[in-house]
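Input: a single structure, listed below in structure tokens.
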Amino acid sequence: MPRATVSHSLPLTLAMALTLVLCTNVVTAEPSPLRWDRSESSVALVRGQQIIWQFNHGATLDVPYFHPLSTGGGRVLTWDQPPDHAWHHGLWFGWKYINGVNYWEHDRQTGKPAGRTETTGVQVETRDDHSARLLLALAYHAGGDEEVVLRERRRIDISAPNAHDEYTLDWTAQFTAGNGSVELDRTPPKEQSWGGYAGLSVRFAKALGDRQASSDQGPVQFGPGDRHRSRASSIDYSGVIDGDRVGMAILDHPDNPRHPTPWYIIRSPVTGYMNAALLNDEPMTIEPGGRMTLRYRVIVHPLRWDAARLKTEQTRFLQSSPSF
């Protein structure tokens, strides 16, 4: 009579089944829940110990700004106050010159810009679905002068991260000139060199390697000086952090002045930078009491995006553009 082998194989079968259950539990483990972290000077969306995004608006800051901006996988895309440009703040908006006064770089004696950007009336609405709305008012003063030369109302609507760890920041800003005309200017751009920058900017993390960019027209080509300038409706800047491909796209609204906007992009060994540079070609004037509105959509995402994806996102932006 042949020997029975069931009793020997049963423990092995049970062990394999237990291993499968344990492995399955590891793979399907739920991530830490999202939560809000708020203080008098900031608001952040947090998962576990990781900050997904944080908006900083303290009264002592030169400008309000976002840092960090991260993917759901914990890859931080932004850099605040890098040693080479201490006035770069993650994702931020700043004018270069207003009526000839510098609101961008720091004065060597004071460590502050000559022009003063005052942030007031900050309202933060955080929601249970982990979306948020930020409302704030900004006043631009010439140096220590209390006179306001330009006022801004800003609204930023931030979506909850989706299943692909993407989230959007819909940025709407309305500028109103004071009693006099306002000239917005920049340092004239130099061929394959610096200049031309002002407006919405991103300084990318030092850890972002293998950096590439694409517009809605196709891949971006960098020339001498690791710089690129062109006009486009949207740009995606992406790279690799700790083996993960991640990126950030900025979409320019067609109602913006000078659409499609000029772009100024840097991909040097140290500096990763992207700017919707609407003043790149020439200055802009707002008449006394006149208004100008700017709308952008910023999207933080995994992987790399090409022209087709940017066109799809541009269509979505136009179908859901907020306004004051």
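Figures for the structure shown
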quantity: Filter result for the condition that a residue is charged (D, E, K, R), outside any strand (DSSP E or B) and in contact (Cβ under 8 Å) with a residue 40 or more places away in the chain, over Asp165, Asp157, Asp170, Asp145; calculated: Asp165
quantity: Spans of strands (runs of 3 or more DSSP E) in the stretch 257-310 with at least 1 residues modelled with pLDDT of 95 or more and of a type in the set (D, E, K, R); calculated: 262-267, 291-302
quantity: Odd one out for Thr120 among (1) under 19 Å from the mean Cα position of the chain (by Cα); (2) β-branched (Val, Ile, Thr); (3) modelled with pLDDT under 95; calculated: (1)
quantity: Residue selected from the stretch 164-176 under the condition surrounded by fewer than 22 Cβ atoms within 10 Å (Cβ to Cβ) and not charged (D, E, K, R), by the criterion farthest from the chain's Cα centre (by Cα); calculated: Thr176
quantity: Contacts under 7 angstrom Cβ, first residue in the stretch 40-60 being over 21 Å from Glu118 (Cα atoms), partner exposed (fewer than 14 other Cβ atoms within 10 Å of the Cβ) and among the charged types (D, E, K, R), 6 or more apart; calculated: Ala44/Asp37; Val46/Arg35; Val46/Asp37
quantity: Residue satisfying condition, being farther than 25 Å from Ala86 by Cα, modelled with pLDDT of 95 or more and crowded, with 16+ Cβ neighbours inside 10 Å, within set Arg316, Arg245; calculated: Arg245
quantity: Strands (runs of 3 or more DSSP E) completely within the stretch 183-242 that count 3 or more residues being under 19 Å from the mean Cα position of the chain (by Cα) and in contact (Cβ under 8 Å) with a residue 40 or more places away in the chain; calculated: 199-203, 209-215, 234-241
quantity: Failed criterion for Pro68 (all others in (1) surrounded by 18 or more Cβ atoms within 10 Å (Cβ to Cβ); (2) touching a residue at least 60 places away in the same chain (Cβ under 8 Å) hold); calculated: (2)
quantity: Filter result (of a type in the set (Lys, Arg) and touching a Lys or Arg at 6+ places or on another chain (Cβ under 9 Å)) within the stretch 199-242; calculated: Arg211, Arg227, Arg231
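The values are calculated or read from the model by the stated rules, or taken from the named source; none is laboratory data. Please read these numbers as outputs of a predicted model, since none were measured by experiment. As a convention, Cβ positions derive from the backbone with ideal geometry for all residues, glycine included, and neighbour counts pool all protein chains shown.
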